[in-house]
Amino acid sequence: MEPPVPPRNFTLEWVAVPMRDGVTLCTAVLHPTETTDRLPVLLYRTPYKIELDSSIRDIRELRGPAGRELATDYIQVLQQVRGRCGSQGRLTLRQPLRGPFNTGLTDESTDSYDTVEWIVTNIERSNGRVGILGGSYSAWVALTASVDPHPALRAVIATAPEIDCWKGDDDFHNGAFRLGNSFEYVYGMETDPGGTFTHFPYQSPDLYDWWLARGSAVNVAAHFEPTSYFHRLIEHPAYDAFWSEQALDRRLARSPARPVPTMIVQCLFDSYDPYGAPAVFAATRARDIHREDVFVAGPWDHGQNNRDAGERLGPFQWNAPTAEFWRRDIARPFLDRHLRDPAPRDASVPPAQTQRIHIFDTGLGRWAQDEVFAASRHTPLFVAPAHQLEWQAPSDRGQYEYISDPANPVPFRAPPIAPFYRSSSGGFPAIGGPTPGFGEWLLDDQRFADGRPDVLSLVTQPLERPLTVRGRPTAVLRAVSSADDCDWVVKLIDAYPDEDLQSPPLSGYQLLVASEMLRGRYRNNLQYPTPIPIAMACEYRFELSYAAHTFRPGHRLMIHIQSSWFPLYDRNPQRYVSIMSAVPQDYERATQQILFGPQGTYLLLPELDVGPGFGESP
């Protein structure tokens, strides 16, 4: 005979919370029943379907940013944003905050404000303090609440936030359009306003071939309504006011409102939003006069810190459950400090100092002992002859040459390439998980691209001492192209020894440490593109993604330089035409030359603890 099902240790109430324009939002309120104390409230606002299965008998079974480590000590409020899953109104993906691109009465910031007001007015057991948290889109929603915060909002935790979707988050990277990812996401979110993420019915086992046959973005626009967010992407390929006005790091940095203590969480293997977390932390540090903001960088894919124990990712096994550690020892104390009623303190004892920077070193496999957000010393690593990288600029001038062919673009991972989003039991797009989906592509062994004739591969000699990179490396390409427009991709790679005695299964592995892309027409001005002078040397300077990685002795630093990354990004026709609506005859091969010498190509590494024998930046 089966034992009886134990009673729930929480009560669940569904309510319709009114906004200032009369629209009501579908909201779940979960009250822990193991205590009768007045409790702080955690608010989670999301466009993804909230699924509270009736089989859940223990509130600690709940997954997500307010999961088991916090469940019994906080009241949780889970809310669907406008137009999703029972909430009234219409979903407008990444709706701009009120201003020139939103002249209405409401936005996500006002909806958060009105929800916090409802919480402190209507939840009797609330202690009057509210924290808001979320990941990805929901992290963007959470941070908008800080633009004009409610007085009761006392803490924010934002994991992998969408901050600037043109410079380096979901939709563009320095002007290069993330075609496949954006197409699937917008289709999935806009097709079913009821809340289910609809997966596009591809009729191909390999998206590389599928997208190659489709051509430019305009050829798939018929799948969307004229008011779709996808059409807005096509209409704004440059960094115009549409993008710069809603870049949240800029908005928060200039906001006159009271700063809300904020924890920004960077996932170091984030396939979706690698730009936002370090960008917003760097931009708002000047406002943090009380030194209450916290930055965390962990060895996770997109949102893994809220999903599982974080003991491993792809082929890499860490020394501890890193995500559990974050939830228990970093996030929980942060929320408790700002949301709970302060205990009486002995005035003769100075307040305890709290750590503000938590960095996991993905090369050493452990949390760093320092509190350095980014290294201040930048060490140049030069492209040199014989496919070498050197610490001193080569005295001889020369160049490498390859042909970039849009008919045969470099894939971003080894084909066959599966859909960017996979089916999930919940009402949201699955990311990461036990099988290596799109969420884990940054863990792919880069040997699949090494050796292609259209990928320039360069490498150092094996290191004799550890080399720690902390921050965003800067690529300085000096190059000549036969085209009047082209793309540049730079990847910084940790090349493992051919026989790695510490990790034999990783022998010869090429781990992607940092990477980024630049569309050449934006080399001088992000808002006003210009053609590239044909057959003339030009400089292209751009930052790679944030890294926190130690290259161990015996390992080598490797760089890949290429001109396509498909179908993660759309193909550049390599003609100065409208890329979004390019036609087949616009696509041309281009000869690319990467220059080396005293004024050649190099990579600036934000290096900690630099030793002797390393050169100065030219």
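Residue-normalised convex hull volume from the C-alpha trace of the chain: 174 Å³ per residue. With both residues required to sit in the chain, DSSP beta bridges show an antiparallel share near 70%.
Normalised by the number of residues in the range 203-328, the mean separation of alpha-carbon contacts (under 8 Å, six or more apart) gives a relative contact order of 17 percent.
Counting alpha carbon pairs within less than 8 Å and at least 6 residues apart, what relative contact order, in whole percent, applies to the range 111-262?
Working: 178 pairs, mean separation 37.1, N = 152.
Relative CO of the range 111-262 lands at 24 percent.
Counting other C-beta atoms within 10 Å, and keeping those with at most 14, which DSSP coil GluC sites (Glu not before Pro) do you find in the range 488-581?
On the way: sites: 499, 516, 539, 543; in loops: 499.
In loop regions of the range 488-581 (DSSP not H, G, I, E or B), the sparsely surrounded GluC sites (Glu not before Pro) are 499.
Sorting check: for 303-314, 455-466, 559-570, which peptide has the highest mean count of neighbouring beta carbons within 10 Å, and how do the rest follow?
In decreasing order of mean packing, 303-314, 455-466, 559-570 become 559-570, 303-314, 455-466.
The charge dipole of the range 499-618, taken about its Cα centre with unit charges on the Cβ atoms of Lys, Arg (+1), Asp and Glu (-1) only, comes to about 420 debye. Placing dummy labels 7 Å off each Cα toward the beta-carbon, the span from residue 448 to residue 465 is 3.8 nm. Model label points for residue 210 and residue 72, set 7 angstrom from Cα along the Cα-to-Cβ axis, are 4.6 nm apart.
State the extension gain, in nm to one decimal, for the chain segment bounded by residue 371 and residue 288, taking 0.36 nm per residue of separation less the distance between their alpha-carbons.
Working: separation 83, 0.36 × 83 = 29.88 nm, distance 1.62 nm.
Contour length minus Cα-Cα distance gives 28.3 nm.
Residue ranges 126-135, 441-450, 504-513 sort as 126-135, 441-450, 504-513 when ordered by packing (mean number of other C-beta atoms within 10 Å per residue, highest first).
Relative contact order for the chain: what percent, with Cα pairs under 8 Å and sequence separation of 6 or more? Show your work: numbers first, answer last.
Working: 1437 pairs, mean separation 92.3, N = 618.
Computed over the chain, the figure is 15 percent.
Modelled label positions at residue 244 and residue 102, each set 7 Å beyond Cα in the direction of Cβ, lie 2.0 nm from each other.
Estimated purely from DSSP H runs of n ≥ 4, each contributing -39500 (n - 2.57), the mean residue ellipticity at 222 nm for the chain is -3500 deg cm²/dmol once divided by its residues.
Only the coordinates and a few stated rules stand behind these numbers; no lab work does. Everything numeric here is computed off the predicted structure, so don't read it as measured data. Here the Cβ is made from the backbone with ideal geometry for all residues, glycine too, and neighbour counts use every protein chain on show.
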